[in-house]
Amino acid sequence: MKLASKDVLGIKELSVDEINLILDTAESFIEVSTREIKKVPTLRGKTLVTLFYEPSTRTRTSFEIAAKRLSADTVSISATTSSVIKGETLIDTARNLEAMNPDIIAIRHSAAGAPHMLSKLIKQSIINAGDGAHEHPTQALLDMMTIKEKKGGIAGLKVAIIGDIAHSRVARSNIYGLTKMGADVTVAGPVTMIPRDIDKMGVTVHYRLEEAIKNADIIMMLRIQLERQGDSIFPSLREYSNYYCLNAQNIKLAKDDVLVMHPGPINRGVEIAPDIADGPYSVILEQVTNGVAVRMALLYLLAGGK
Amino acid sequence: MMNILLKGGRVVDPSQNIDEEIDLLIKEGKIAQIGKDIDKNTIADSAPQTLNLEGKIVVPGLIDMHTHLREPGFEYKETIQTGCQAAVAGGFTSIACMPNTNPINDNRSVTELIHRQAKRYNLANVYPIAAISRGSEGITLTEFGDLKDAGAVAFSDDGKPVMNSALMRRALEYAFSLDIPIISHCEDTTLSAGGLMNEGFVSTELGLQGIPNIAEDIMVARDIAIADYTNTPVHIAHVSTAGSVRLIRAAKERGIKVTAETAPHYFSLTDETLNKYDTCAKVYPPLRSADDVTAIKEGLSDGTIDAIASDHAPHSSIEKEVEFEYASSGMIGLETSLSLSLKLVAEGILTLNQLILKMSTNPAGILRIPKGTLKIGSDADITVIDTEREWTVDINTFRSKSKNSPFNGWKLKGMAVLTIMGGEIKYSV
């Protein structure tokens with residue numbers, strides 16, 4: 001089986017079979033990262049370009065390590081060190097890249113829909129590495145992989161996603177993915193962080209953390225974007241933390257074997273208490289590890305599985 | 001100047017309650033005679049150009065009361081010449097252009113330039129709309145009297161709402177004393193700030209910041225309140241929400257002097273159109289939900305909405321072939337307005353007579369211009385429509401300099417086949 005599209009723009013576009021294919025492929029790559037020589041020749045001669053218009057450490061590094069473990073060459077371009085600062089448009093940048101014939105471009109952009117625009121214009125495979133508040137498909141895939149690994153499956157699990165849903169691409173991709181895979185998804189946050197009509201995406205909405213995490217199998221905490229305080233979507237970090245920080249007290253409402261996830265970077269003490277972030281429920285670092293395997297799987301399926 | 005005899009067409013003129021197959025004679029640029037079986041041998045000029053229009057609809061020249069010509073300042077998007085070419089190709093003999101040029105049309109020299117250029121090309125009547133406030137900054141009123149004398153027909157800070165309620169009050173009062181309309185772009189910018197599309201399920205899915213309906217509704221309510229209090233008229237531009245329609249309907253029932261327009265995209269498209277991030281469908285106010293579209297159609301049908309205007313807003317590929325967030329707002333409309341509006345007739349929402357009322361007679365009345373009629377002695381501005389002719393929208397054939405239309409590829413039925421301005425044929429197919 002192959003992926004239906006040349007691109008991976010979002011989880012919305014992926015079928016259940018495709019998600020399973022990616023997760024199964026990723027699983028088969030985990031072992032490569034545990035070898036002493038962490039490299040296989042699968043994508044020798046292929047080139048991945050990471051085109052990042054937003055700062056990122058883990059996603060970009062994860063893509064690069066994934067590509068290198070499959071023997072692909074990587075080129076990384078960031079907006080601050082490229083012709084973008086000379087005023088080059090995204091289209092022109094992409095057309096120039098296209099002319100150099102890479103195989104895959106992973107793009108991170110603050111504007112929602114930027115990867116979609118590129119996918120229509122250029123022939124290379126595009127992987128959405130996060131576009132605005134829209135989607136972050138590789139994050140959702142690595143989250144699903146982590147859940148599957150720890151819980152044996154996804155269907156029937158109760159997942160609570162807490163925080164700024166309105167501005168979170170991680171939330172959207174996970175909602176698409178987890179509901180497709182049969183999980184029961186709840187979102188919670190103050191009304192100012194819950195986007196309009198989100199229930200039509202198949203989720204239950206709560207406005208209190210406690211209600212949302214009751215009997216949860218999985219709690220996904222989202223990062224509070226500190227710069228949004230000026231937008232009046234929450235009055236102060238203190239107030240937010242009082243009501244929405246996951247801590248040793250409120251986590252007792254969840255199931256005993258609950259998994260705590262976070263896409264990072266963490267604001268310790270704001271959305272998640274330090275002892276919870278580092279505690280026994282937390283799988284935050286496993287998520288990062290699985291990120292490499294998921295990205296290896298995508299690169300393989302898009303560039304190597306032909 | 002050639003005299004023209006239009007024979008056998010179905011003449012629809014709401015200004016005279018005419019809807020019948022009759023002939024129409026144009027002499028020296030004016031409507032000279034209208035009636036059954038005008039015989040060219042019996043009239044003074046026995047050799048007029050005779051056009052057989054059987055099966056066609058003959059109406060007063062269409063008027064687009066809300067367009068953007070981009071000259072001066074943004075000639076790479078549109079010029080007065082290309083805008084007029086697009087207008088006549090779309091069946092419009094008169095267009096009123098908004099002041100957001102560069103410099104802004106807030107002084108006599110810009111108004112006069114627009115008139116001069118329009119006269120030079122002599123394709124369509126161009127009526128400049130001047131800014132309400134200097135620089136459209138919402139602080140100081142422009143010189144309404146001087147601008148009116150220079151040829152401005154209305155005032156609007158279109159694209160930049162007048163947020164200062166006191167200034168809006170003064171504008172309505174002062175304009176009333178000069179008998180010139182104020183056209184209000186209703187948007188509370190504190191609610192719309194940062195918004196890129198309609199706020200709703202689609203914006204949630206796409207992760208784009210939304211513009212709530214209330215950003216428009218609140219300002220419509222405010223302007224109605226001011227118009228009521230000051231007993232002056234106000235015209236609401238590009239109505240897009242169900243709430244606005246309700247407010248305007250209630251205001252009219254109470255006798256408040258409010259008129260309103262909408263644009264074809266607000267009854268032809270919903271925010272679903274944006275689900276592939278099509279920048280051509282990015283407009284202000286944004287495309288709304290299916291419920292809003294239904295309300296707009298009801299408002300058109302029951303007379304709440306008086307006019308259909310194109311809100312023709314040309315942008316070049318430089319502004320549109322970018323990330324959605326950075327793309328300029330606006331779509332062109334002069335060459336698709338009529339056909340999209342004719343769908344309302346096909347759907348039974350409007351009669352042909354009501355459509356012509358909204359695309360010609362009413363805009364003339366709101367702008368107080370001597371157009372929108374086929375009365376004897378009036379300027380021979382005439383549009384001939386073939387309601388049966390099918391065509392496919394192809395942006396590459398458009399006269400407009402810009403190509404930002406989300407309707408490209410749409411199959412439409414009905415179009416203007418002949419446009420006569422001042423007794424001269426300006427466009428025919």
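The values are calculated or read from the model by the stated rules, or taken from the named source; none is laboratory data. Because the structure is a prediction, the values reported are computed rather than measured. Note that each Cβ is placed from the backbone with ideal geometry, even for glycine, and that neighbours are counted across all protein chains shown. Heavy atoms of the whole protein, side chains included, go into the accessibility calculation; ligands, DNA and RNA do not. Shrake-Rupley method; radii C 1.70, N 1.55, O 1.52, S 1.80 Å.
Per residue, the accessible area of the protein assembly as shown comes to 38 Å², computed with a 1.4 Å probe over protein heavy atoms only. Once each part is reduced to its C-alpha centroid, what is the distance from segment A:254-306 to segment A:15-69 in angstrom? Measuring centre to centre over Cα atoms gives 15 Å. Counting only Cα atoms, the size of the protein assembly as shown along its three principal axes is 103, 57, 46 Å, in decreasing order. Amide H neighbours of B:Gly414 under 5 Å, counting only residues 5+ apart in sequence or on other chains, H built in-plane at 1.01 Å? Amide H neighbours of B:Gly414, under 5 Å, 5+ apart: B:Arg389, B:Glu390, B:Trp391. For segment B:190-252, taking the reciprocal of the average inverse distance between every pair of different Cα atoms yields a Kirkwood hydrodynamic radius of 12.7 Å.
The modelled label-to-label distance between B:Thr50 and A:Asp256, using points 7 Å beyond Cα along the C-beta direction, is 10.1 nm.
What the phi angles of segment B:300-315 give under the Karplus curve with 6.51, -1.76 and 1.60, with θ = phi - 60°, is a coupling list of 5, 5, 8, x, 4, 9, 7, 9, 10, 10, 6, 6, 3, 10, x, 9 Hz, glycine and proline written as x. Principal-axis analysis of the Cα atoms of chain B puts helix B:108-121 at an angle of about 40° to the longest axis.
Charge dipole (Cα centre; +1 on Lys/Arg Cβ, -1 on Asp/Glu Cβ; no other charges) of chain B amounts to roughly 720 debye. Modelled label positions at A:Asn20 and A:Lys214, each set 7 Å beyond Cα in the direction of Cβ, lie 3.4 nm from each other. Interface size, chains A and B: roughly 1600 Å² of accessible area buried, both sides included, 1.4 Å probe, rounded to the nearest 100.
With a cut-off of at most 15 other beta carbons within 10 Å, and DSSP calling the residue loop, which trypsin sites (Lys or Arg not before Pro) in segment B:248-355 qualify? Please list them.
B:Arg254
Seen against the Cα atoms of chain B and their longest principal axis, helix B:337-346 is set at about 80 degrees.
Compute the long axis of helix A:169-180 from its Cα atoms, compare it with the longest principal axis of the Cα atoms of chain A, and write down the angle in degrees, 0 to 90, nearest 10. Approximately 80 degrees, to the nearest 10. Multiplying the residue separation of A:Asn101 and A:Arg268 by 0.36 nm and subtracting their alpha-carbon distance yields 55.9 nm. For the segment B:313-321, counting C-beta atoms of other chains within 10 Å of every residue's C-beta and taking the mean gives 1.
Accessible surface for B:Glu424 stands near 70 Å², nearest 10, in the context of the full protein assembly shown (1.4 Å probe).
Other residues with beta-carbon under 14 Å from the beta-carbon of A:Glu18 carry, at +1 per Lys or Arg and -1 per Asp or Glu, a net charge of 0. Can you send over the carbon and sulfur percentage of the accessible area for the protein assembly as shown, probe radius 1.4 Å, protein chains only? C and S atoms contribute 49 percent here.
Label-to-label distance for B:Ala346 and B:Val429 is 1.3 nm, based on points extended 7 Å past Cα in the beta-carbon direction. The amide H of A:Ile105, built 1.01 Å from its N in the peptide plane, has A:Val49, A:Ser125, A:Ile126, A:Ile127 as neighbours under 5 Å, considering only residues 5 or more places off or on other chains. With 0.36 nm allotted per residue and the present C-alpha distance subtracted, the A:Lys200-A:Asn242 stretch has 12.2 nm of extension available.
Of the residues making up segment A:175-207, those losing 20 Å² or more of accessible area when the isolated chain is joined by the remaining protein chains, with a 1.4 Å probe, are A:Tyr176, A:Arg196, A:Asp197, A:Lys200, A:Met201.
If R0 is 25 Å, what FRET efficiency do you get for B:Tyr229 and B:Ser301 from their C-beta distance, rounded to 0.05? E between B:Tyr229 and B:Ser301, to the nearest 0.05, is 0.25. Backbone amide hydrogens, once placed in the peptide plane, bring B:His66 within less than 5 Å of B:Ala96, B:Ser310, B:Asp311, excluding anything fewer than 5 places away on its chain. DSSP finds beta bridges in chain B, and of those with both partners inside it, around 55 percent are antiparallel.
Tell me which trypsin sites (Lys or Arg not before Pro) from segment A:244-277 have a DSSP coil assignment and no more than 14 other beta carbons within 10 Å of their own. In loop regions of segment A:244-277 (DSSP not H, G, I, E or B), there are no sparsely surrounded trypsin sites (Lys or Arg not before Pro). Quick check: net charge around B:Tyr76, other residues with Cβ under 15 Å of its Cβ, Lys/Arg +1 and Asp/Glu -1? Local charge sum for B:Tyr76: 0.
At R0 = 35 Å, how high is the FRET efficiency between B:Met2 and B:Arg368 if r is their beta carbon distance? Nearest 0.05 is fine. That gives a FRET efficiency of 0.70.
Interface residues of segment B:177-214, defined as a loss of at least 30 Å² in heavy-atom accessible area between the chain alone and the complex of all protein chains with a 1.4 Å probe, are B:Glu199, B:Phe201, B:Thr204, B:Glu205, B:Gly207. For the protein assembly as shown, DSSP calls about 35 percent of its internal beta bridges antiparallel. Inter-chain Cβ neighbour count for B:404-412, averaged per residue, equals 0 (cutoff 10 Å, partner chain atoms only). Applying a DSSP loop filter and a limit of 11 other Cβ atoms within 10 Å to the GluC sites (Glu not before Pro) in segment A:2-107 leaves A:Glu36. Dividing the summed helix terms, -39500 (n - 2.57) for each DSSP H run of n ≥ 4, by the number of residues in the protein assembly as shown produces a 222 nm estimate of -9000 deg cm²/dmol to the nearest 500.
Across segment B:152-167, rounded Karplus estimates of 3J(HN,Hα) from the backbone phi angles (6.51 cos²θ - 1.76 cosθ + 1.60, θ = phi - 60°) give 6, 9, 6, 10, 7, 9, 2, x, 10, x, 7, 6, 7, 5, 5, 5 Hz, Gly and Pro being marked x.
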